[in-house]
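Asker: The following block contains the structure, expressed as structure tokens.
The values are calculated or read from the model by the stated rules, or taken from the named source; none is laboratory data. These figures come from a predicted structure and were not determined experimentally. Note that we place each Cβ from the backbone using ideal geometry, even for glycine, and neighbour counts take in every protein chain shown. When the accessible area is computed, the model is the full protein with side chains, heavy atoms only, and any ligands, DNA or RNA have been set aside. Shrake-Rupley method; radii C 1.70, N 1.55, O 1.52, S 1.80 Å.
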Amino acid sequence: MRIEFSEISQKGSFIEESIKRALREIGRLKESILELEDNKVDSTREIEAKNKEISDITELIKTADRQIEEYALELAELKKRRDEMSESVKSFFTSREECQARLVELEKERFRLSQNMDRFQGTRDSRIDYMWNEYEITLSQAAEFKDDALTDENDMKKTVGELKNDIRRLGDVNVNAIEDYREVSERYEFLKGQHDDLINARDKLISVIEELDTDMRTRFSEKLEEIKAEFANVFRQLFGGGKGTIEIDEEADILEADISIISQPPGKPSPFCLLDEIEAALDDSNVDRFAKYLHNLTKNTQFIVITHRRGTMASADRLYGITMQEKGVSALVSVDLIENQLDAEEKKTKQD
């Protein structure tokens, strides 16, 4: 409203200034007319033009007067609104002061109630501690003993005194006996539950093991017969006859018995054993022991050993490997260690 009032005031000042300029112009024109009349200059057209200009300026002054009246009315309305808003602001500040005063009173009341609550809380806690120290009961337990019929404080104190005398006449009592029994009972129930769970788990495991053992024996027997038949068939196809079979010790447990693979090509029995990286988990010293022991058995048995260990390779008679010198092209590489060894011994004999 102050901004609008300032704008209207500026407009009014501008109009007043315009009126003053117009009045000065009229005066100047009148002086010119007088000057023209004094000079007796017969210039009708110029006089008419000046008169028309005077008429236009007069009309402009009338228009300015009407605008001044309109702005005056608007200014009066704005002043009225400003006064009303001023009253409203005064009322607002009055209400705010009353609210602040009420807030201060409420804050004082809150502080007083907070102090009372702290005091009551302290009294309540001390009573609860007293009940526990004196009677070893909690607040919720004490609520269970509440008797609505007891309303006289003197009668209640008298009853408490009589009960205390009765307790003293009982003599020394193990007040922890109930708690000790509760702890031992809970411990017993806990251990008994664990014991029962272990017994049940053991029985279930034994039952599962027996079922698995029976199922494994049945499946092993079935698959062994299938493998024996398939092995014999494949052996005859590979060697054009002969005998190839798989045997197991019938007197031993079928899951622990040794398995023997018997192969006899037609016309030339040639026993051999195929070992697939059985020394992979051994360290170097044990690999050497294994290779030496295996080499001692080669007098009567042929061994085909699949290995990546250096000690086993060093004890072999022949080595076979696959290499890929060109990408995508595999080649077989073989080394006859016996021939190399014989050549070395022959050269040594010639030198001697």
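Asker: So if I check each of ASP148, ASP152, ASP197, which one is among the acidic types (Asp, Glu) and open to solvent by less than 80 Å² (accessible area, probe 1.4 Å)?
Answerer: So the residue among ASP148, ASP152, ASP197 that is among the acidic types (Asp, Glu) and open to solvent by less than 80 Å² (accessible area, probe 1.4 Å) is ASP152.
Asker: Out of region 117-133, which residues are out of contact with any helix residue (DSSP H, G or I) (no Cβ under 7 Å at 6 or more places or on another chain) and either aliphatic (A, V, I, L, M) or open to solvent by less than 90 Å² (accessible area, probe 1.4 Å) (or both)?
Answerer: Passing the criteria: MET117, GLN121, GLY122, THR123, ASP125, SER126, ASP129.
Asker: Let me ask something else. Pairs under 7 Å by beta carbon, first residue more than 30 Å from LYS299 (Cα to Cα) in region 311-336, partner open to solvent by 70 Å² or more (accessible area, probe 1.4 Å) and hydrophobic (A, V, I, L, M, F, W, C), six or more apart or different chains?
Answerer: Close Cβ pairs satisfying both conditions: SER330/ILE322; SER330/MET324.
Asker: Can you spot a residue in region 206-225 that is in a loop (DSSP other than H, G, I, E, B), farther than 21 Å from GLN302 by Cα, open to solvent by less than 60 Å² (accessible area, probe 1.4 Å) and without any contact (Cβ under 8 Å) to a residue 12 or more places away in the chain?
Answerer: Within region 206-225 (the criterion being in a loop (DSSP other than H, G, I, E, B), farther than 21 Å from GLN302 by Cα, open to solvent by less than 60 Å² (accessible area, probe 1.4 Å) and without any contact (Cβ under 8 Å) to a residue 12 or more places away in the chain), the answer is no, since none of the residues qualifies.
Asker: Please determine, by comparing only the residues of region 56-88 that are among the hydrophobic types (A, V, I, L, M, F, W, C) and open to solvent by less than 70 Å² (accessible area, probe 1.4 Å), which one is nearest to the chain's Cα centre (by Cα). If you could, list the steps in order and put the result at the bottom.
Answerer: Initially, region 56-88 is screened for residues among the hydrophobic types (A, V, I, L, M, F, W, C), giving 57, 60-61, 64, 68, 72-73, 75-76, 78, 85.
Adding the requirement that they be open to solvent by less than 70 Å² (accessible area, probe 1.4 Å) leaves 57, 61, 64, 68, 72, 75-76, 78.
Details: ILE57: 85, ILE61: 82, ALA64: 78, ILE68: 75, ALA72: 72, LEU75: 68, ALA76: 69, LEU78: 63 Å.
So, considering only residues that are among the hydrophobic types (A, V, I, L, M, F, W, C) and open to solvent by less than 70 Å² (accessible area, probe 1.4 Å), the one nearest to the chain's Cα centre (by Cα) is LEU78.
Asker: Out of all the residues in region 235-259, which are open to solvent by 70 Å² or more (accessible area, probe 1.4 Å) and free of Cβ contacts under 8 Å to residues at least 12 places away in the same chain?
Answerer: Residues satisfying the conditions are ARG236, GLN237, LEU238, ASP249, GLU250, GLU251, GLU256, ASP258.
Asker: If you don't mind, there's one more thing I want to ask. Quick check: anything in region 294-304 assigned to a helix (DSSP H, G or I), out of contact with any strand residue (DSSP E or B) (no Cβ under 8 Å at 6 or more places or on another chain) and open to solvent by less than 70 Å² (accessible area, probe 1.4 Å)?
Answerer: Residues of region 294-304 that are assigned to a helix (DSSP H, G or I), as a first pass: 294-299.
Remaining after also requiring out of contact with any strand residue (DSSP E or B) (no Cβ under 8 Å at 6 or more places or on another chain): 295-296, 298-299.
Adding the requirement that they be open to solvent by less than 70 Å² (accessible area, probe 1.4 Å) leaves 298.
Within region 294-304 (the criterion being assigned to a helix (DSSP H, G or I), out of contact with any strand residue (DSSP E or B) (no Cβ under 8 Å at 6 or more places or on another chain) and open to solvent by less than 70 Å² (accessible area, probe 1.4 Å)), the answer is yes, since at least one residue qualifies.
Asker: For ASN286, which of the numbered conditions (1) open to solvent by less than 80 Å² (accessible area, probe 1.4 Å); (2) touching a residue at least 24 places away in the same chain (Cβ under 8 Å) fails to hold?
Answerer: In the conditions (1) open to solvent by less than 80 Å² (accessible area, probe 1.4 Å); (2) touching a residue at least 24 places away in the same chain (Cβ under 8 Å), ASN286 misses (2) alone.
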